[in-house]
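Worksheet for the structure shown next.
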Amino acid sequence: MKNFINTLKDIWKVEELREKLLLTLGLIAVYRFMSTVPLPGIDPTQLSALKNSTSSGLLGILNAFTGGAFARASVMALGIMPYISASIVVQLMGIAIPYLQKLQKDGESGQKKITQITRWLTILITMFQGPAYITAIKTQFGLPESAFLVGGATFWVSSMILLTAGTIFAMWLGERITDKGVGNGISLLITVGIVARFPAAFVQELVSKTTNAGGGGIMMILIEMIVWLVVILLTVLLVTAVRKVTIQYARRGVAGNIKDVAGARQYIPLKLNAAGVMPIIFAQAIMFLPLALAKKYPALSSLQDIHGLWYNVIFALLIIIFSYFYTAITVRTDEMAQGLKRSGGFIPGIRPGKDTANRLDAILSRITFPGSLFLAALSILPSVVTKFGVQQSWALFYGGTSLIIMVGVAIDTIQQINSYLLNSHYDGLMKTGSSNRKSLK
């Protein structure tokens with residue numbers, strides 16, 4: 001604990017890091033404040049029906065990603081999700097559209113153009129999602145007419161403008177955090193929204209276990225916390241696990257020296273879960289279709305229960321399929337092989353070029369299978385723990401997209417903070433030794 005406190009003091013001593021952290025916290029505070037501002041024309045005291053409708057299921061997950069703004073009918077109700085959708089669409093389009101492929105290879109200038117395309121696509125997606133959200137809160141969530149203080153075109157136009165502006169503002173905040181602050185801004189905003197629901201979910205679970213007969217009391221809460229910590233540790237392993245592929249570089253001659261110098265042996269780290277949370281996001285999007293069909297066809301009624309057996313079986317299979325799909329389109333083994341060939345690197349015993357690409361592809365396929373199984377198991381774990389009496393709001397923190405995002409963002413942010421501390425000759429957050437306060441000579 002003493003070393004941890006000393007590390008926090010060291011963080012405050014690094015002026016650049018201190019300013020970045022304060023800026024990040026300030027922008028996050030602005031985002032959280034804006035998520036509590038309701039749309040003009042809606043009475044915030046009459047949103048109980050909307051909150052009940054978004055307390056569980058897929059809408060509950062969406063509400064968690066927006067930090068509760070979805071259930072508050074806030075100006076930030078759509079949050080950063082349209083930007084995430086636009087980013088995924090642009091990434092997928094890059095597979096088939098030569099112009100985007102060219103931009104991806106153009107370095108920083110190409111990335112700026114891709115970012116601009118993503119921004120415009122975000123606005124376009126918001127123009128579709130905004131009316132859908134307004135229609136839903138007026139017709140599907142059971143809000144009383146008295147909840148709408150303004151009606152007609154005035155309410156529609158003003159709400160559309162503010163929802164679009166809210167998404168653009170959230171996108172701007174995320175980009176400012178990435179450029180001027182610490183961590184990935186977009187991911188941080190999602191994580192903060194998820195974490196904001198943690199206290200209420202825990203208190204609800206605590207009250208349920210301590211007040212209901214047969215709830216288990218404090219002992220059951222302790223067991224749940226231990227299981228939760230174990231799940232977090234396993235999630236950290238999933239996020240950080242890599243398969244190191246040995247790379248040898250050709251012998252190079254040194255100027256002024258007749259002898260050749262053997263190239264250093266290095267590694268290519270292939271991640272066990274290279275697709276991240278994208279398979280879960282894709283699978284959840286696809287699972288909206290069975291839910292819609294189940295309402296029309298009674299034979300599919302079992303799919304309406306997101307904690308049911310068949311729903312989770314299909315969900316897990318989709319995650320495994322999308323893990324292979326997304327890994328194949330994002331980890332380009334042919335480009336990696338060509339890059340190694342140009343730099344004089346090779347896998348020992350494997351010929352450069354096509355053979356190297358095939359070798360990398362085979363290794364990636366083998367490690368993706370256990371990674372996808374682990375990801376699928378982690379994704380359906382919230383449904384499993386609900387069968388043991390865990391409240392749905394608290395069960396969301398036992399796995400799925402929420403937990404993987406939180407762990408991934410935490411690791412990324414800590415690594416960035418560590419890099420600043422190490423550059424300033426301090427031990428990082430993951431170190432246990434004493435700070436090295438002497439300048440390097």
- Message: Order 8-19, 327-338 from most to least packed using the mean count of other Cβ atoms within 10 Å.
- Response: 327-338, 8-19
- Note on the structure: Using the Cα gyration tensor of region 1-196, the equivalent ellipsoid's semi-axes, largest first and to the nearest Å, work out to 32, 25, 14
- Output the DSSP H helices from the chain with an along-axis C-alpha extent of no less than 18 Å and a mean Kyte-Doolittle hydropathy no less than 0.0. 15-34, 81-96, 107-139, 152-180, 198-211, 217-240, 278-296, 309-330, 354-386, 400-423
- Query: Once every DSSP H run of n ≥ 4 in the chain is given -39500 (n - 2.57) and the sum is divided by its residues, what mean residue ellipticity at 222 nm do you get, rounded to the nearest 500 deg cm²/dmol?
  - Reply: -22500 deg cm²/dmol
- Task: Would you order Phe288, Phe202 from fewest to most other beta-carbon atoms within 10 Å of each residue's own beta-carbon?
- Result: Phe288, Phe202
- Query: What is the pair-distance distribution P(r) of region 284-335, computed from all Cα-Cα distances in 10 Å bins starting at 0, with each bin given as a whole percent?
  - Reply: 23, 41, 20, 12, 4
- How much net charge surrounds Thr66 when only the other residues with a Cβ under 14 Å from the Cβ of Thr66 are counted, with Lys and Arg +1 and Asp and Glu -1? +4
- Send over the per residue convex hull volume for region 172-239, Cα only, as a whole number of Å³. 96 Å³
- Query: What do the square roots of 5 times the Cα gyration tensor eigenvalues come to for the chain, in whole Å, largest first, as semi-axes of the equivalent ellipsoid?
  - Reply: 41, 27, 26
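Bear in mind these aren't lab numbers, they're just calculated from the coordinates by the rules spelled out. Remember, it's a predicted structure, so these values are computed and weren't measured experimentally. All Cβ positions, glycine included, derive from the backbone under ideal geometry; neighbour counts span all protein chains shown.
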